[in-house]
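The structure appears below as structure tokens.
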Amino acid sequence: MVGREKELRIRFAPGRCELVEEDVDIPSRRVLITGATGLLGRAVFKEFNENNWNAVGCGYRRAQPRFEQINLLDSIAVHDIIHDFQPHVIVHCAAERRPDVVESQPDAASQLNVAASANLAKEAAGVGAFLIYISTDYVFDGTSPPYKETDVPNPLNLYGKTKLEGEKAVLENNEETAVLRIPVLYGEVERLEESAVTVMFDKVQFSNKSANMDHWQQRFPTNVKDVAAVCRQLAEKRMLDSSIKGTFHWSGNEQMTKYEMACAIADAFNLPSSHLRPITDSPVVGALRPKNAQLDCSKLEMLGIGQRTPFRAGIRESLWPFLVDKRWRQTVFH
């Protein structure tokens, strides 16, 4: 059953405008998205909102006015929003996902990635909500890919360890949980630094200066729109089948180093790439990274769940607003 509520709308007419109250339909399926201000959270909110779900997003620093402002470390605030909204599904996107930041701020990262996740799982169980906990391919050490959900994790860095501890915490506190492990993400960023993929664009564009690019770690760049679609499909499948729970993997299927991604970005925009220099040595600065943590996605595929955007098409859509040389826009889009 779909509910109805009153909403104020501005109506324009020749020579005047007026504020009117109109009935609007409210979808009966309710979803709460944490981290809704982030790259993935925005895509998840949009996906559910555009597919007949009553979606409420929450964030912290950048939340208002679009989303609810909630500190996930405030257990009372978390309790209140979940019990007031009574969601059928909660998609937990909020996390400290930058490995080097986790290494430098381990306590704060553990509070968000583990403690807040455990509390969220308890509160979800209290209202019978299906929780989707977003995790990472960094729970694996990258020595024996591809990895199935049943393979034993062995994270190399503290980020992977906190996300693995988060997985265990949510599953212990709420058996009706899905853990969704995903790799490096890109999509419609608000700033290039929001993604480890899009942040390379300036180095690609400014070809007057050579740029060293990692050509050691094997990555599988994944569009946030695809992850959002998987979350929605998983939620809708769960509404029909209560056996849908446990651990799942989703990933793009194009294997690339950062150097190869940068070359693909250059190709997508008809930009030169000769200034990009591949570095094949293992990185010596920052948190340890797995060489190849490819995820086996066959479990979700067998359920008929999945969506993949070709990298060149997805990266062109994501990055064109940041294209500096307008002449190239004419080449690419006209």
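So for 80, 214, what's the accessible-area order with a 1.4 Å probe, most first? Mind dumping the intermediate values first?
Numbers: 80 70, 214 35 Å².
Largest accessible area first, the residues go 80, 214.
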Quiz item: What 222 nm value per residue comes from the helices of the chain, counting each DSSP H run with n ≥ 4 as -39,500 (n - 2.57) and dividing by all residues, nearest 500 deg cm²/dmol?
Solution: -10000 deg cm²/dmol
Quiz item: To the nearest 10 Å², what's residue 322's accessible area with a 1.4 Å probe?
Solution: 60 Å²
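Can you tell me, using C-alpha contacts under 8 Å and at least 6 residues apart, the relative contact order of the range 180-334 as a whole percent? Provide the component values of the computation, followed by the final result.
Working: 242 pairs, mean separation 54.3, N = 155.
For the range 180-334, the relative contact order is 35 percent.
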Quiz prompt | Antiparallel DSSP beta bridges within the range 31-322, as percent of all bridges there, nearest 5 | solution = 5 percent
Quiz item: Carbon-plus-sulfur fraction of the accessible area of the chain, 1.4 Å probe, in percent?
Solution: 48 percent
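Just list whichever of 203/245; 122/237; 46/148; 245/291; 46/122 have alpha carbons separated by over 31 Å in the model shown.
Values: 203/245 42 Å; 122/237 22 Å; 46/148 29 Å; 245/291 29 Å; 46/122 26 Å.
Listed pairs above 31 Å: 203/245.
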Quiz prompt | Cα centroid separation - the range 148-202 against the range 229-294, whole Å | solution = 11 Å
Exercise. Multiply the residue gap between residue 77 and residue 285 by 0.36 nm, knock off their C-alpha separation, and tell me the result in nm, one decimal place.
Key: 71.0 nm
Exercise. Note down the relative contact order for the range 197-265 as a percent, whole number, built from C-alpha pairs under 8 angstrom at least six residues apart.
Key: 55 percent
Quiz item: Which shape class, rounded, prolate or oblate, goes with the range 31-322 when its Cα gyration tensor gives a ≥ b ≥ c as root eigenvalues, a/c under 1.5 marks rounded, and past that a/b bigger than b/c marks prolate?
Solution: prolate
Exercise. Place the peptides 239-245, 218-224 in order of packing, highest mean first, counting for every residue the other Cβ atoms within 10 Å and averaging per peptide.
Key: 218-224, 239-245
Quiz item: Which of the peptides 125-135, 166-176 is most tightly packed, and how do the rest follow, judged by the mean count of other Cβ atoms within 10 Å per residue?
Solution: 125-135, 166-176
Quiz item: Under 18 Å from a point 7 Å along the Cα-to-Cβ line of residue 275: which residues of the range 182-206 have their amide N that close?
Solution: 198-206
Practice problem: Express the relative contact order of the chain as a whole percentage, based on alpha carbon pairs under 8 Å and six or more residues apart in sequence. | Solution: 17 percent
Self-check item: Which of 56, 126, 321, positive extreme of dipole for the chain (C-beta unit charges)
Solution: 321
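Based on the mean of other beta carbon atoms within 10 Å per residue, what is the order of 275-282, 28-35, most packed first? If you can, show how the numbers build up before the last one.
On the way: 275-282: 13.2, 28-35: 24.0.
Those peptides, ordered most packed to least, come out 28-35, 275-282.
Too long at a 23 Å Cα-Cα cut-off: which of 258/299; 168/299; 225/258; 163/299? Please list the in-between numbers first.
On the way: 258/299 27 Å; 168/299 20 Å; 225/258 21 Å; 163/299 21 Å.
Table pairs above 23 Å Cα-Cα are 258/299.
The values are calculated or read from the model by the stated rules, or taken from the named source; none is laboratory data. In this text, all values refer to a predicted model and were calculated from it rather than measured experimentally. Cβ coordinates were reconstructed from backbone atoms using ideal geometry, including for glycine residues, and neighbour counts include every protein chain displayed. Accessible surface is based on the protein model in full, side chains and every heavy atom, while ligands, DNA and RNA are left aside. Shrake-Rupley method; radii C 1.70, N 1.55, O 1.52, S 1.80 Å.
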